[in-house]
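Asker: Got a structure here, written out as structure tokens. Questions coming.
The values are calculated or read from the model by the stated rules, or taken from the named source; none is laboratory data. What you see is a predicted model, and the numbers here were worked out from it, not measured in a lab. Using ideal geometry, Cβ is built from the backbone for each residue, glycine included, and neighbour counts are taken over all protein chains shown.
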């Protein structure tokens, strides 16, 4: 998977993060955060207590300077809604309802409709959608003997889409990641984080390691997980120096993006970028380059 199935609660399981130029114009970009790899129309696909957050570093210090926080509500006498807050400066390092409300009480879509809400120069959609991340998972687990089947194609996710003016995330190039904050045992905790596709599930095999990685911030990841990433790469046959360089290229776990450069991973990530091939090539040291 990309970042699927690495948390205790599927509602706060961040599956994929995307950013790419908007088809609406050269001065706009699209941010997508997909959550819940088990999303269905039959149940609430999000955690109404959680804050789903996209953090953006504009100066290279691995701390957020701009942030978008998405919160959901289940009113007692009406349908669920979403609100989006844009925070800057010190507030960008906080959580929840901080900063300016740019989208307020937007309706959600569970029936395949495209309920886009426009407000203050932003466009917003949240609802059930087909999972856009494609991978031959069975083949990956069977010695790279690929089957041609894609079980992810049968799944849905809860998609959170935000179209923004390019000035809103900050001066490019930017570095961004997502996190989910919610209440666990009476305390507010970070229960998942996601940047590049596939990092946690590729490098962290044991479940405790995955859960620990979910709780980290980019500024801490090299110190806490760098040696484990190097050891994993060496177990695949990479020489020590190459393993160290590769580990540092994958940590911290964040996306880099500039709308001034050609679109496509690793400059952001589009829905059509086949990032699974990159993971296959990494795991086989280039001997296999595609899961097709």
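So that you can scan it fast, the table gives a plain yes or no per residue for (1) part of a strand (DSSP E or B); (2) under 21 Å from the mean Cα position of the chain (by Cα):
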position	(1), (2)
72	yes, yes
78	no, no
84	yes, yes
87	yes, yes
90	no, no
96	no, yes
104	yes, no
113	no, no
118	yes, no
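Asker: Okay, moving on. So is residue 211 farther than 17 Å from residue 34 by Cβ, more than 21 Å from the chain's Cα centre (by Cα) and not in a strand (DSSP E or B) or not?
Answerer: Against the criterion (farther than 17 Å from residue 34 by Cβ, more than 21 Å from the chain's Cα centre (by Cα) and not in a strand (DSSP E or B)), residue 211 does not qualify.
Asker: May I pose another question? Scan 239, 218 and give me the residue that is surrounded by 15 or more Cβ atoms within 10 Å (Cβ to Cβ) and at pLDDT 95 or above.
Answerer: Within the list 239, 218, the selection yields 218.
Asker: Sort out which residues of the range 30-45 are surrounded by 24 or more Cβ atoms within 10 Å (Cβ to Cβ) and over 14 Å from the mean Cα position of the chain (by Cα), and write them in order of number.
Answerer: 39, 45
Asker: Here's another thing I want to ask about it. Scan the range 183-201 for residues that are crowded, with 20+ Cβ neighbours inside 10 Å and either part of a helix (DSSP H, G or I) or on the phi < 0 side of the Ramachandran plot (or both) and jot them down.
Answerer: 191, 192, 193, 194, 195, 196, 197, 199, 200
Asker: Look through 20, 5 and report the one residue that is at positive phi and surrounded by fewer than 24 Cβ atoms within 10 Å (Cβ to Cβ).
Answerer: When all the criteria are applied, what remains is 5.
Asker: Give me the residue from the range 46-77 that is surrounded by fewer than 17 Cβ atoms within 10 Å (Cβ to Cβ) and touching a strand residue (DSSP E or B) at 6+ places or on another chain (Cβ under 9 Å) and, out of that set, modelled with the lowest pLDDT.
Answerer: 75
Asker: Within the range 30-45, is there a residue that is within 18 Å of residue 270 (Cα to Cα), without any contact (Cβ under 8 Å) to a residue 12 or more places away in the chain and not in a strand (DSSP E or B)?
Answerer: Looking through the range 30-45, none of the residues is within 18 Å of residue 270 (Cα to Cα), without any contact (Cβ under 8 Å) to a residue 12 or more places away in the chain and not in a strand (DSSP E or B).
Asker: So residue 278 fits all but one of (1) touching a helix residue (DSSP H, G or I) at 6+ places or on another chain (Cβ under 9 Å); (2) part of a helix (DSSP H, G or I); (3) farther than 26 Å from residue 190 by Cα; what number is the exception?
Answerer: (1)
Asker: Please pick out the residue among 77, 27, 59 that is in contact (Cβ under 8 Å) with a residue 40 or more places away in the chain and on the phi < 0 side of the Ramachandran plot.
Answerer: One residue alone meets the criteria, 27.
Asker: Could you count how many residues in the range 214-224 are in a helix (DSSP H, G or I) and over 19 Å from residue 244 (Cβ atoms)?
Answerer: Number satisfying all stated conditions: 2.
Asker: Going through the range 253-292 one residue at a time, which ones are over 30 Å from residue 23 (Cβ atoms) and surrounded by 14 or more Cβ atoms within 10 Å (Cβ to Cβ)?
Answerer: Result: 282, 283, 288.
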